[in-house]
1. For F41 and A145, calculate 0.36 nm times their separation in residues minus their Cα-Cα distance, and state this gained length in nm to one decimal.
2. Please report the relative contact order for the stretch 155-290, taking Cα pairs under 8 Å with a sequence separation of at least 6, and give it as a percent rounded to a whole number.
3. Quick one: order M264, M178, M243 from most to least accessible surface, probe 1.4 Å.
4. Compute the signed sum of charges (Lys and Arg +1, Asp and Glu -1) over the other residues within less than 10 Å, Cβ to Cβ, of N71.
5. Compute the Cα gyration tensor for the stretch 206-256, then decide on rounded, prolate or oblate, letting a ≥ b ≥ c be the square roots of its eigenvalues: rounded whenever a/c is under 1.5, prolate when a/b is larger than b/c in the other cases, and oblate in all that remain.
6. Please work out the average accessible area per residue across the stretch 135-180, using the 1.4 Å probe convention, and give it in Å².
7. Return the carbon/sulfur percentage of the accessible area of the stretch 82-210, one whole number, probe 1.4 Å, all protein chains in place.
8. If R0 is 51 Å, what FRET efficiency do you get for A185 and S128 from their C-beta distance, rounded to 0.05?
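The values are calculated or read from the model by the stated rules, or taken from the named source; none is laboratory data. Here the structure is a predicted model, which is why all the values come from computation and not from measurement. Backbone-built Cβ (ideal geometry, glycine too); neighbour counts: all protein chains shown. For the accessible areas, the whole protein counts, side chains as well, though only heavy atoms, and no ligand, DNA or RNA atoms are used. Shrake-Rupley method; radii C 1.70, N 1.55, O 1.52, S 1.80 Å.
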Amino acid sequence: MTATTLPPKSSTTDVRVRVRARRLVLYTVLVSVTGLFLGPFGWLILSGLKTQGELAASPVHWLPDAFQWHNFADAFNQIDFLGYARNSLVIALLYATLVTLSSAWVGFGFARLDAPGKKVLFGVLLGSMMLPQMVTLLPTYLIFAKLGMVDTYWPWVLWGLSAAPYLVFLFRQFFAGMPRELEEAAIVDGCGYTSIFWRIFLPQSWPVLSASFIIAFTWTWGDYIAPQLLLSTDRTTLAVAVMTTYVSEAGTPVPELQAAASVMYVVPILLIFLIAQRGFVAGMSTSGLK
């Protein structure tokens, strides 16, 4: 019998040391990047706990002398916070639901249907993502004004029904990777493409559905320009209210209340992402995989 040769103990120790060193470097980088991204949010929280004098101090006053917790209560009570939050929630849910379904339908068409000029249309669709919002802002307002839709939520309904280029791209990439046999078997059983979409493809696309819904909800919840342009003060969203309604008697902004309100404004988005992060990551990572 041949005796098994064991590696020297010193070489095994060296390997463990190198592995631990790599993990230490990796964790250090991850902690640094996490701190870089969480730093602005942490500073926002601290700003909401300071006095106005501490915010205006020079040099920078890093920590408040006494935490001003009442800033959050004042920010909540000074305006109709729940009313503005309700407006934001209605618009965000309405747009996110409609644009997710319409983008899925358009992405299905680009992925599974054949038609002349399909590649050209898809290229035009991708090219439209490069148009900044400011370019279409004035024409959009004029169109909605002519239709009598200013100070209503109908613009968000129409935007939702029109699909979004980036979400269409996500669904197109996902649907293009699904097996052709599913579609062929459904056609043999007498299903049309509408039934194939609703019964087969859409139920299988929950990762992209959740990712698209979160992206669209975040877009609308954080949008400032469209509500400021199209909605009155009573119908406007929380994003606009936070930036425009916290003013003193002299008409100057009250930064500590704005910071406290901004923290409460961001929390719902963080909770939604934390709850649905698994589906969001899965949707972003599986789009385009065969």
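1. On the way: separation 104, 0.36 × 104 = 37.44 nm, distance 3.75 nm.
Answer, rounded to one decimal: 33.7 nm.
2. On the way: 84 pairs, mean separation 56.6, N = 136.
Relative contact order, the stretch 155-290: 42 percent.
3. On the way: M264 50, M178 25, M243 115 Å².
These residues rank, largest area first, as M243, M264, M178.
4. -1
5. Working: a/c = 4.59, a/b = 2.43, b/c = 1.89.
Judged from the Cα gyration tensor, the stretch 206-256 comes out prolate (a/c at least 1.5, a/b above b/c).
6. On the way: 2440 Å² over 46 residues.
Value for the stretch 135-180: 53 Å² per residue.
7. Values: 4990 of 7210 Å².
Carbon and sulfur together cover 69 percent of it.
8. Working: r = 35 Å, r/R0 = 0.69.
Rounded to the nearest 0.05, the efficiency is 0.90.
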